[in-house]
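Okay, so here's the structure we're looking at.
The values are calculated or read from the model by the stated rules, or taken from the named source; none is laboratory data. Fair warning: this is a prediction, and the values are worked out from it, not measured in the lab. Cβ placement follows ideal geometry from the backbone for every residue including glycine, while neighbour counts extend to all protein chains displayed.
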Amino acid sequence: MEHIAAIMVLVGCMQTTDACREVPAPTVAFETVEECRELLSPAIDATSKVFKRAYGTCAEVDPALFVEDATVEWRVTPAGRLKVRLQIDDGSYAIAARDVSATKIRN
């Protein structure tokens, strides 16, 4: 099994941040944070061609806490930042993901 150090999360919004949805990333899991960062800007650019607003981030994942049965949760803050956290499917939250790159927004 490969080591996962980061995940990419992309979100597109049609109008306001109340009407957003997760967009499939071209690559979801990365062995290094740097690999994720290299592909983040082009992925946001591609998302912005479909949505009025596009948000994206690379979230560092602690491999010791990462499990197969987990859900990635996200929200766009009033300041326009994409926040990501990992929820273990047993209902508990683990501090297993943190933003490692500035959220980029394309209008």
Can you tell me which residue in the stretch 88-101 is modelled with the highest pLDDT, limited to those that are assigned to a loop (DSSP other than H, G, I, E, B) and loosely packed, with under 12 Cβ neighbours inside 10 Å? ASP89
Would you point out which residue out of GLU68, GLU22, GLU31, GLU35 is modelled with pLDDT of 90 or more and out of contact with any strand residue (DSSP E or B) (no Cβ under 7 Å at 6 or more places or on another chain)? GLU35
Which of the residues spanning the stretch 71-87 are at pLDDT 85 or above and β-branched (Val, Ile, Thr)? VAL76, THR77, VAL84
Flag if LYS104 is surrounded by 14 or more Cβ atoms within 10 Å (Cβ to Cβ) and at pLDDT below 85: yes
Positions within the stretch 2-31 being surrounded by 14 or more Cβ atoms within 10 Å (Cβ to Cβ) and either touching a Ser or Thr at 6+ places or on another chain (Cβ under 8 Å) or among the β-branched types (Val, Ile, Thr) (or both), in sequence order: ILE4, ALA5, ALA6, ILE7, MET8, VAL9, LEU10, VAL11, GLY12, THR17, VAL23, VAL28
Filtered residues of the stretch 1-46 (kept if in a loop (DSSP other than H, G, I, E, B), touching a helix residue (DSSP H, G or I) at 6+ places or on another chain (Cβ under 9 Å) and over 14 Å from GLU60 (Cα atoms)): ALA25, PRO26, THR27
